[in-house]
1. Can you report the number of residues in segment 296-313 which are farther than 17 Å from Asp255 by Cβ and surrounded by 12 or more Cβ atoms within 10 Å (Cβ to Cβ)?
2. Return the residue satisfying two criteria in turn: it lies in segment 33-56 and is part of a strand (DSSP E or B) and touching a residue at least 40 places away in the same chain (Cβ under 8 Å), and of such residues it is surrounded by the fewest Cβ atoms within 10 Å (Cβ to Cβ).
3. Taking segment 143-160 as the search range and keeping residues that are in contact with a Phe, Trp or Tyr (Cβ under 6 Å, 6 or more places away or on another chain) and open to solvent by 10 Å² or more (accessible area, probe 1.4 Å), which one is nearest to Trp193 (Cα to Cα)?
4. Taking segment 117-142 as the search range and keeping residues that are among the aromatic types (Phe, Trp, Tyr) and out of contact with any Gly (no Cβ under 7 Å at 6 or more places or on another chain), which one is most open to solvent (accessible area, probe 1.4 Å)?
5. Select from segment 244-291 the residues that are among the acidic types (Asp, Glu), open to solvent by 60 Å² or more (accessible area, probe 1.4 Å) and at pLDDT below 90 and list them in ascending order.
6. What number of residues within segment 319-348 are open to solvent by 90 Å² or more (accessible area, probe 1.4 Å) and assigned to a loop (DSSP other than H, G, I, E, B)?
7. Need pairs with beta-carbon distance below 9 Å; first residue without any contact (Cβ under 8 Å) to a residue 40 or more places away in the chain and within segment 274-301, second of a type in the set (Phe, Trp, Tyr) and in a helix (DSSP H, G or I); sequence gap 6+ or separate chains.
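The values are calculated or read from the model by the stated rules, or taken from the named source; none is laboratory data. Note that this is a predicted model, so its numbers are computed, not measured. Here the Cβ is made from the backbone with ideal geometry for all residues, glycine too, and neighbour counts use every protein chain on show. Areas reflect the complete protein model, heavy atoms only, side chains present, ligands, DNA and RNA absent. Shrake-Rupley method; radii C 1.70, N 1.55, O 1.52, S 1.80 Å.
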Amino acid sequence: MKQVVSISLGASANDYEFETEFLGHDFTVTRIGTDGDLEKAAELLLSWDKKADAIGLGQVKFPYGIGPRYLTKKQDNHLKELGAQIQTPVTTGSALRDVSFEWALRYIEFKFGNYFDNSRVLFLSGMNNYRIAKVMSEFTDNLTFADPILENSIPKFLNSLDGLESYAHSAHEVLQWVPSNHLAKSVVPVKTWNRYILRKAVQKANIVVVPFLGFDDYLKGFTLEELGGKTIITSTAYDDRVDFLKERGVDVIIDTTPKILERVVAPNVLEALILAALGRTNDTVHADDLLEVISAQKMDPRVVYPSGSPKRVNRFAFVIHPLSKEFLKKDKAVDMLASFTPPAFLDAV
């Protein structure tokens, strides 16, 4: 029987161990949480070297999908560097995560038919969910990013992918070094106003994209008034998160991490299972390989209806037509042209 171990920086209260079958192999899967203790995680990583067939690193902060390279460096790089030095294959699940993001959206758009077309989509962190934003931009132009508000306490939304890219490559970089940024986060009027406009943005959106890390912090304070009837896109929606969203009236949860086991597990566990089953290291498994496994194993994205019954946002288009030729003059350009053109002009219009 093969052994997969997930060493997580998350809470030890969520530890588990179970046996399962995957890709024709029997596995024992064990999760060990370190409650944020990096040194303990490093020790566990070394102790499981050569004992496990593959090791997953959980609750590791993934680099931003966009922006200068040095901004993507995280405190958890020590673990990743250590993982590269041991003999047992080690993965954070980043490769599967990136592939599953795109796979999930395209699959749902196709299966449910124009599911995302023209939707109003709010990203609580476009920097973290840039890959989702890139795919979503193919289906709708109505993208809103709350990064300036939630990262820098600037009361402004970004309303396009181009705007997010400009922010990531210029403004975001500069703002990290502005002392007034930290002061703004503690000023009550600014915090209150930011919270107000963020609540309004959530109410207006059809779909809200919530990062996995910091899930509770991102949605803290939102109630049925803001989240009722929404579709939430997130990763690895554990039961407690599903219950949280159910209490707030969410209609649909799209989990970009496929659920192929009885238990919901994170991408690092799934990717470790794939590495162990194939007998490969993470640097020899590419996106095409992962897509092949996803397709062969029917690792479809998980769609959860908290209420228990399938729901979908019904949208409509409202089309008006002029009641008379005079009505056309309400458009200033037409009114100006009509002032010096013959009556036949309005007939033609």
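1. 1
2. Only one residue tops the list, namely Ile55.
3. Across segment 143-160, the extreme among qualifying residues is Pro155.
4. Of segment 117-142, the ones among the aromatic types (Phe, Trp, Tyr) are 123, 130, 139.
Retained after the next criterion (residues that are out of contact with any Gly (no Cβ under 7 Å at 6 or more places or on another chain)): 123, 139.
Numbers: Phe123: 0, Phe139: 38 Å².
Among those that are among the aromatic types (Phe, Trp, Tyr) and out of contact with any Gly (no Cβ under 7 Å at 6 or more places or on another chain), it is Phe139.
5. Glu262, Asp283, Asp288 - these are the residues of segment 244-291 that are among the acidic types (Asp, Glu), open to solvent by 60 Å² or more (accessible area, probe 1.4 Å) and at pLDDT below 90.
6. Number satisfying all stated conditions: 8.
7. Ser295/Trp103
Yes/no matrix, rows are residues, columns are (1) aromatic (Phe, Trp, Tyr); (2) open to solvent by less than 20 Å² (accessible area, probe 1.4 Å); (3) at pLDDT below 80:
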{"site": "Gly65", "(1), (2), (3)": "no, no, yes"}
{"site": "Tyr70", "(1), (2), (3)": "yes, no, yes"}
{"site": "Lys80", "(1), (2), (3)": "no, no, yes"}
{"site": "Ala84", "(1), (2), (3)": "no, no, yes"}
{"site": "Thr88", "(1), (2), (3)": "no, yes, no"}
{"site": "Thr91", "(1), (2), (3)": "no, yes, no"}
{"site": "Asp98", "(1), (2), (3)": "no, no, no"}
{"site": "Glu102", "(1), (2), (3)": "no, no, no"}
{"site": "Ile108", "(1), (2), (3)": "no, yes, no"}
